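Just below is one structure, and these are the notes that go with it.
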Amino acid sequence: VPSIKYIEFDGTVHEVEVKSGYSLMVAAVQNGIPGIDGECGGKCSCGTCHIYVAPNWQSLTGEPNNMEKKMLELIPSASETSRLACQIEIRNDLEGLEVRMPEYQF
Ligand code: FES
């Protein structure tokens with residue numbers, strides 16, 4: 001079971017074990033992790049599950065698709081490492097993945 005590190009804007013680390021197949025957003029909400037809202041339920045249409053992927057993990061988490069890119073363009077605090085947590089599916093090879101939450105969800 002992969003263990004994922006969610007790091008709040010203030011540096012608080014939440015390390016949780018997540019079964020593969022769940023999205024990073026669902027796993028955060030189920031584990032009560034603050035800083036990821038997921039208002040649209042994972043449909044890539046609200047942008048409230050914005051996270052930053054640690055740069056050394058970007059090759060494994062991959063590139064956002066066009067729909068996700070369009071959503072990210074609407075988020076003022078988005079950067080090159082930004083992703084929507086509902087669009088990343090947990091897999092066994094993401095063991096140890098680190099993501100950071102923004103100061104606010106938009
Ligand atoms: S949960 Fe709405 S975009 Fe990810």
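The values are calculated or read from the model by the stated rules, or taken from the named source; none is laboratory data. Predicted model only: the values in this text are computed from it and were never measured. Neighbour counts run over all protein chains shown; Cβ positions are idealised from the backbone, glycine included. Note: accessible area is taken over every heavy atom of the protein model, side chains too, but ligands, DNA and RNA are not part of it. Shrake-Rupley method; radii C 1.70, N 1.55, O 1.52, S 1.80 Å.
Could you pull out the longest piece of the chain with no exposed loop GluC sites (Glu not before Pro) in it, calling a site exposed if DSSP puts it outside H, G, I, E, B and it has at most 16 other Cβ atoms within 10 Å? Numbers along the way, then the final one.
Values: sites that count: Glu8, Glu39, Glu80, Glu95, Glu103.
It runs 40-79.
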Cross-link candidates for Lys19: which aspartates and glutamates have Cα within less than 14 Å, leaving aside residues fewer than 8 places away along the same chain?
Glu89, Asp93, Glu95
Ordering Lys69, Lys5 by accessible area with a probe of 1.4 Å, largest first, what comes out?
Lys69, Lys5
When only Cα pairs under 8 Å and 6 or more residues apart are kept, what is the percent relative contact order across the chain?
42 percent
Estimated vicinal HN-Hα couplings, Hz - region 85-102 in sequence order (Karplus 6.51, -1.76, 1.60; Gly, Pro = x)
5, 6, 9, 10, 8, 5, 10, 4, 7, 8, 3, x, 3, 10, 10, 10, 8, x
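Measuring with a 1.4 Å probe in the full set of protein chains, what accessible area per residue, in whole Å², belongs to the chain?
Numbers: 5780 Å² over 106 residues.
I get 55 Å² per residue for the chain.
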